[in-house]
Amino acid sequence: MQFKLYLAPIISLMVGIICALLLFLFVSSSQRAEQADIFHRQADSYFKTIESALHSSRELLVSLKSFIENSDNLSRDRFDRYSKALLKDRQYVQAMEWIPKVSNDKRPAYERFAQQQGLSDFQIKQGKFGSLKRASFRPEYYPVYYVYPLTGNESAVGYDLGSNQARLSALQAARDTGKAVMTAGIKLVQETS
């Protein structure tokens, strides 16, 4: 009889504990599902933003390529004006550059021509910011010739992108395939930090 007296409170306590546990599990599961949903929505939003920026950048490159290919007399001024228009709403792009391929036998003439075009101390160079020097012998060079905007990117002018193996591989792949090529992050010669 004594047992029956305690049975009802024990059953009530057990039912209460089970209900509380089930409620806790339900709420935890709901919160996890809500957090996962928020995460997926944010990730999707970031992905779409990055995808849009990449698409916009590709269009930018295609447009610049077409402009350069169809310019009989490409000049620094024409390059600057066209690049300025292209970059108007693209603050995420630091600079636009034109990088010709220059063979070693044409290097002296190319450097003289650049100097005659107003780049008085132009030379094809390599190294890191603050310690740039004349580029050593290579069969071909890929110097930055036009850059827009020039302000903040002055040290890039004349820099041989082929002096960096990752850049050289990307340039050669782009040349061989005729397509845009991506690389891992590369520190720009004009970056000081």
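Structure notes:
- Test set (1) touching a Phe, Trp or Tyr at 6+ places or on another chain (Cβ under 8 Å); (2) under 25 Å from R175 (Cα atoms); (3) not polar (S, T, N, Q) - G127 fails condition number: (1)
- Of L64, L54, L86, L60, all but one fail to be without any contact (Cβ under 8 Å) to a residue 40 or more places away in the chain and farther than 22 Å from L150 by Cα; the exception is L54.
- Contacts under 7 angstrom Cβ, first residue in region 164-175 being among the hydrophobic types (A, V, I, L, M, F, W, C), partner assigned to a helix (DSSP H, G or I), 6 or more apart: L168/G162; L171/L161; L171/G162
- L5 satisfies every condition listed in (1) surrounded by 10 or more Cβ atoms within 10 Å (Cβ to Cβ); (2) over 21 Å from V147 (Cβ atoms) except (1).
- Within region 61-76, if we keep just the residues that are surrounded by 10 or more Cβ atoms within 10 Å (Cβ to Cβ) and more than 23 Å from G158 (Cβ to Cβ), the residue that is modelled with the lowest pLDDT turns out to be V62.
- When residues of region 137-164 are limited to those that are at pLDDT 85 or above and of a type in the set (S, T, N, Q), the one nearest to H55 (Cα to Cα): T151
- Answer residue from region 123-136, given it is part of a loop (DSSP other than H, G, I, E, B) and modelled with pLDDT of 90 or more and is surrounded by the most Cβ atoms within 10 Å (Cβ to Cβ) among those: I124
- Looking at A180, A170, A174, just one residue is under 14 Å from I99 (Cβ atoms) and assigned to a loop (DSSP other than H, G, I, E, B), and that residue is A180.
- Unique match (being over 28 Å from R90 (Cα atoms), without any contact (Cβ under 8 Å) to a residue 24 or more places away in the chain and either in the same structural domain as A85 (by TED's automatic domain parsing) or aliphatic (A, V, I, L, M) (or both)) among K133, K125: K133
The values are calculated or read from the model by the stated rules, or taken from the named source; none is laboratory data. A quick note: this is a predicted structure, and the numbers were derived from the prediction, not measured. Positions of Cβ are generated from backbone atoms using ideal geometry, with glycine treated the same way; all protein chains shown enter the neighbour counts.
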